[in-house]
Amino acid sequence: HALLKNALQRAQSSPLYQQNATRISLIAGNASEAMEEAAKERQQSDDSCHESLTVSLRNSMQSAHAIYLDPMYPSRKKRAEVSKGMQMLHRLVGPADPAQSHRLLAAALNLQVARVVVKRPRSSSVLEGTERWSGQRTDIVYPNTRYDIYHKN
């Protein structure tokens with residue numbers, strides 16, 4: 001969080017990136033829980049305040065046009081090691097949890113934003129639970145990466 005916060009502050013003070021960077025909100029917390037609560041609040045349409053969400057987080061989630069998800073990739077089957085930076089991240093975060101990735105995607109889809117983008121390894125399967133998605137799904141494929149894009153109808 002600290003590295004991302006620093007990068008965002010530098011972008012906001014740069015004339016080249018300032019216009020776009022000022023539209024980005026960085027909020028630390030559990031994304032699945034935040035999106036689930038924002039979706040519930042959007043459905044309830046009342047003025048009650050959920051204690052675990054700040055006002056800025058609720059407003060950010062409810063006014064989002066797109067959500068970008070980059071969950072940890074599943075374990076590699078190749079023998080080659082990932083880069084040292086990624087090795088450190090894997091040690092800090094732990095192995096990929098398919099259930100957590102599914103929960104994250106389900107929470108994002110429940111928010112009913114215009115589009116949800118999920119970054120996945122090219123050869124991996126689509127995250128479970130999306131077969132009930134009633135909107136359009138598009139894939140953008142690169143040599144090592146695939147972006148699954150869920151468009152709201």
Potential lengthening between residue 114 and residue 136 on full extension [0.36 nm per residue; Cα-Cα distance subtracted]: 6.8 nm
At 0.36 nm per residue, minus the direct Cα-Cα distance, what do residue 5 and residue 26 gain on full extension? Give it in nm, one decimal, please. 6.9 nm
Evaluate segment 66-153: find the radius of gyration of its Cα atoms, find its Kirkwood radius, and give the ratio Rg to Rh. 0.99
May I ask you to sort 69, 8, 92 by Cβ crowding, counting other Cβ atoms within 10 Å and putting the fewest first? 92, 8, 69
Within a 10 angstrom radius of the beta carbon, how do 120, 23 rank from fewest other beta carbons to most? 23, 120
Compute the FRET efficiency between residue 17 and residue 152 as 1/(1 + (r/R0)^6), taking r as their Cβ-Cβ distance and R0 = 35 Å, and round to the nearest 0.05. 0.75
Footprinting proxy, 72, 35: sorted fewest to most Cβ within 10 Å, the residues are 72, 35
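Only the coordinates and a few stated rules stand behind these numbers; no lab work does. Because the structure is a prediction, the values reported are computed rather than measured. We place every Cβ from the backbone using ideal geometry, glycine too, and count neighbours over all the protein chains shown.
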